[in-house]
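The values are calculated or read from the model by the stated rules, or taken from the named source; none is laboratory data. Every value quoted in this text rests on a predicted model; they were computed, and no experiment measured them. Using ideal geometry, Cβ is built from the backbone for each residue, glycine included, and neighbour counts are taken over all protein chains shown. Surface areas here come from the heavy atoms of the whole protein model, side chains and all, with no ligands, DNA or RNA. Shrake-Rupley method; radii C 1.70, N 1.55, O 1.52, S 1.80 Å.
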Amino acid sequence: MQIRKDFDYYHNLHQTVTHALLHLLCCVSDSQRYVPTSKRNEILVKYLKAKTKDRSLVNIKKDIKLMLNVARSRNGNLELKLYRLNEKANNTKIEGVERLYSLLTYLYDEHGIESRLFEKGSNQEPEILYMLGDHIEHCFDKDNQQTAPLSMLIQSESAPQLEKIIKQQGWFSAEMKEWNEATFEAHIILYPIS
């Protein structure tokens, strides 16, 4: 289940960094004056401190604490570090399972489509793209290269456009396997593009 742990880690880290920067942007844009680095750090500390208590982010708790240490240090500039982290993640050479992470990040950042691993016994929410953790494990080999098609499920009126959006990203080919017009439920299959 290493792929699932990696997925959860990168997904949580990306969302936390992105939301922290967006929160800072909202707070700073409300001000009519220049906001110095120390005040920006305070805003980020307040936001991130609450995240240390979020049980769903337990896998990145150490990373959040490191971010807090940077913000609290004398000459620390957490905003700059977060932008660099985000830029480094965007410029990383991506292969195998990392392409899936990149696709899911693209779907969220560019189209607002959130993705989650489906947990047995939990209810499926509309407008969220679901995948099965076990299925991800079997679709990728030990070198994290995709060896089989990957299933994705979503309940959304806009699901038919998702096939085109995935193809636009460029690393996967998508096929609408099933579509229920009454319930807006879709089963989409991802194939890697060589």
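Structure values in brief
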{"read-out": "Residues whose placed amide H lies under 5 Å from that of residue 114, excluding near-sequence neighbours", "value": "129"}
{"read-out": "Local electrostatic count, residue 185, Cβ distance below 13 Å [Lys/Arg +1, Asp/Glu -1]", "value": "-4"}
{"read-out": "Relative contact order [Cα under 8 Å, 6+ residues apart], the chain, whole percent", "value": "16"}
{"read-out": "Taking only Cα atoms of region 27-112, radius of gyration then Dmax in Å", "value": "15.3, 46"}
{"read-out": "Rg and Dmax [Cα atoms of region 1-75; Å; Rg one decimal, Dmax integer]", "value": "13.8, 49"}
{"read-out": "³J(HN,Hα) computed for each position of region 170-181 - Karplus, 6.51 cos²θ - 1.76 cosθ + 1.60, integer Hz, glycine/proline x", "value": "x, 9, 9, 9, 10, 9, 7, 7, 9, 9, 10, 5"}
{"read-out": "Compactness index (Cα Rg / 2.2 N^0.38 Å), region 135-191", "value": "1.20"}
{"read-out": "DSSP-loop trypsin sites (Lys or Arg not before Pro) across region 17-63, with at most 16 other Cβ within 10 angstrom", "value": "33, 53"}
{"read-out": "Sequence ranges 116-124, 103-111, 143-151, 22-30, ranked by mean other-Cβ count within 10 angstrom, highest first", "value": "103-111, 143-151, 22-30, 116-124"}
{"read-out": "Computed over region 21-71: relative contact order in percent, which uses C-alpha pairs under 8 Å that are six or more apart", "value": "34"}
{"read-out": "Answer label for Kirkwood radius over Cα pairs in Å (calculated), chosen among (1) 18.4; (2) 16.7; (3) 17.8", "value": "(1)"}
{"read-out": "Whole-Hz ³J(HN,Hα) from phi, Karplus 6.51 cos²θ - 1.76 cosθ + 1.60, for region 71-80, glycine and proline x", "value": "5, 8, 5, 4, 10, x, 9, 5, 4, 4"}
{"read-out": "Sequence-distant lysines (8 or more away, or on other chains) whose Cα lies within less than 21 Å of residue 177", "value": "164, 167"}
{"read-out": "Theoretical gain in end-to-end length, residue 167 to residue 181 [0.36 nm per residue, Cα-Cα removed]", "value": "2.8 nm"}
{"read-out": "Rounded accessible area of residue 42 (nearest 10 Å², 1.4 Å probe)", "value": "100"}
